[in-house]
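The values are calculated or read from the model by the stated rules, or taken from the named source; none is laboratory data. This structure is a prediction, so every number in the text was calculated from the model and none was measured. As a convention, Cβ positions derive from the backbone with ideal geometry for all residues, glycine included, and neighbour counts pool all protein chains shown.
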Amino acid sequence: MLAYLGKEEKSMRTPPSARSSLITLAPFPLDKTLALVGMPATGKTTVGKQLAHFFKVEFVDSDTEVEKSAGGNSVSVIYDQWGEEAFRDAEYQVIKRLFREKPIHVLATGEGAFAQEETRKFLQENAITIFINTNLDIVCERIQRKLQSRPQLAQGDILENIKKTWQQRSPFYRLADIEIKSDDTSYEDTLTKIITALSKFLYLS
């Protein structure tokens, strides 16, 4: 794994160095889809859309695609009615279909996708995988604002559930090609870190 931890930023505004880095690095070609993995509420969707715009490719969210395949039912409804095992199988099938049907794109995966062996192996073989690693306190704060869309974390003590989920899944997240530390920084700064690390990864590959 190529880890890019970057410099800690106290401001949530995009620093001038980040904006200039985007200009300096743009553009370079991608030969694989970019798959973002990690805990919920780490900015995979927000940063993923910015990343897709930067590379002029399509952005896809696997949770949204699973919901479409389930007749528009939300992730929380799917969990309640199908259970996690059936949901993960549907997620795997949807991700495989996306790679068949779409050209190179940016994919934001659900928080448990990369912990599933079949899905993880498929992504490792067919994509550049990027782990967005965010402090658990920040993740908890964000999740508290969106509990209904995170049914597997909404029961009991939120922070304890997040810590448990982290302990279970972080070893798998760390198998990604690239790790990006994203704590008290703007999404634009996270984007810059990803592009910087990605250029290095492609150069070293």
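Among the residues of region 17-73, just one is modelled with pLDDT of 95 or more, hydroxyl-bearing (Ser, Thr, Tyr) and outside any helix (DSSP H, G or I), namely 33. Contact map, region 76-91: residues that are at negative phi and free of Cβ contacts under 8 Å to residues at least 24 places away in the same chain paired with residues that are surrounded by fewer than 14 Cβ atoms within 10 Å (Cβ to Cβ) and hydroxyl-bearing (Ser, Thr, Tyr), Cβ distance under 6 Å, separation 6+ or inter-chain. No pairs are found. Among the residues of region 129-155, just one is in a helix (DSSP H, G or I), at pLDDT below 60 and surrounded by 14 or more Cβ atoms within 10 Å (Cβ to Cβ), namely 149. Taking region 156-205 as the range and being exposed (fewer than 14 other Cβ atoms within 10 Å of the Cβ) and aliphatic (A, V, I, L, M) as the test, only 204 passes. Screening region 106-128 for residues that are small (Gly, Ala, Ser) and surrounded by 21 or more Cβ atoms within 10 Å (Cβ to Cβ) and picking the one that is farthest from residue 91 (Cα to Cα) gives 127. Of the residues making up region 93-109, one or more are farther than 25 Å from residue 74 by Cα and at pLDDT below 95.
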